[in-house]
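Here's the structure we're looking at; comments come further down.
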Amino acid sequence: MPSGSLTRLAVRAMDAVASALLPASGKTARAQTGQHGEEEAYFYLRQLGYTMVARNWRSARRRGEIDLIGWEGEALCFIEVKTRTTRAVKPAEAAVDGAKQDELRGMARDYLRRMKALPATRFDVVSVYFEERTVPEVTLFRNAFGS
């Protein structure tokens, strides 16, 4: 069993134990689905060779958050994860519209202010679908929109 699979299995086991033993988190079903999708995206990207450096990064200057930040080679990637349980309305990645892109660009600029040298950057989008299957469907859109 590859180490990523073992880690994913351990995280899922800890989540199951926590949900059985701890009081309800107060999160909506939608928020729980989103969090689960971000976990799937995190492990998927690690399998592809990304080195993750931040999860759910927030700026003191702006609203919102960047779901994942990681390096793929020499590029620092700001990653938005969109999770859905159905394809009935529109593709998950279509939710990263112009307003969301502007928000992510601003957050990325705030993140980059902390760095001494500016690396090459890009914005990726990951869609995660939890439908009637046991394994979620994860799709990566590299360089989904410009900076």
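The values are calculated or read from the model by the stated rules, or taken from the named source; none is laboratory data. If you're wondering where the values come from, they're calculated on a predicted model, not measured in any experiment. Reconstructed Cβ throughout: ideal geometry from the backbone, glycine too, with neighbour counts over all protein chains shown.
Confirm whether Val81 is in contact with a Pro (Cβ under 7 Å, 6 or more places away or on another chain), in a strand (DSSP E or B), in contact (Cβ under 8 Å) with a residue 24 or more places away in the chain and surrounded by 12 or more Cβ atoms within 10 Å (Cβ to Cβ). Considered against the rule, which asks whether it is in contact with a Pro (Cβ under 7 Å, 6 or more places away or on another chain), in a strand (DSSP E or B), in contact (Cβ under 8 Å) with a residue 24 or more places away in the chain and surrounded by 12 or more Cβ atoms within 10 Å (Cβ to Cβ), Val81 comes out as no. Filter region 134-147 down to residues that are more than 14 Å from His36 (Cβ to Cβ) and out of contact with any helix residue (DSSP H, G or I) (no Cβ under 9 Å at 6 or more places or on another chain) and give me whichever is surrounded by the most Cβ atoms within 10 Å (Cβ to Cβ). This residue is Arg142. Taken residue by residue, region 113-120 has at least one member that is within 23 Å of Ala144 (Cα to Cα) and at pLDDT 95 or above. A search for C-beta distances below 7 Å between a residue of region 40-51 that is closer than 16 Å to Val11 by Cα and any residue that is in a loop (DSSP other than H, G, I, E, B) and modelled with pLDDT under 95, counting only pairs 6+ apart in sequence or on different chains, returns Glu40/Pro136. Residues that are in a loop (DSSP other than H, G, I, E, B), under 11 Å from the mean Cα position of the chain (by Cα) and among the charged types (D, E, K, R) do not occur anywhere in region 116-132. Within region 86-107, the residues that satisfy the criterion of being part of a loop (DSSP other than H, G, I, E, B) and either surrounded by 15 or more Cβ atoms within 10 Å (Cβ to Cβ) or of a type in the set (Gly, Ala, Ser) (or both) are Ala88, Val96. Please work out which residue is surrounded by the fewest Cβ atoms within 10 Å (Cβ to Cβ), limiting yourself to region 29-69 and to residues that are out of contact with any Asp or Glu (no Cβ under 9 Å at 6 or more places or on another chain) and within 21 Å of Asp110 (Cα to Cα). Only one residue tops the list, namely Val53.
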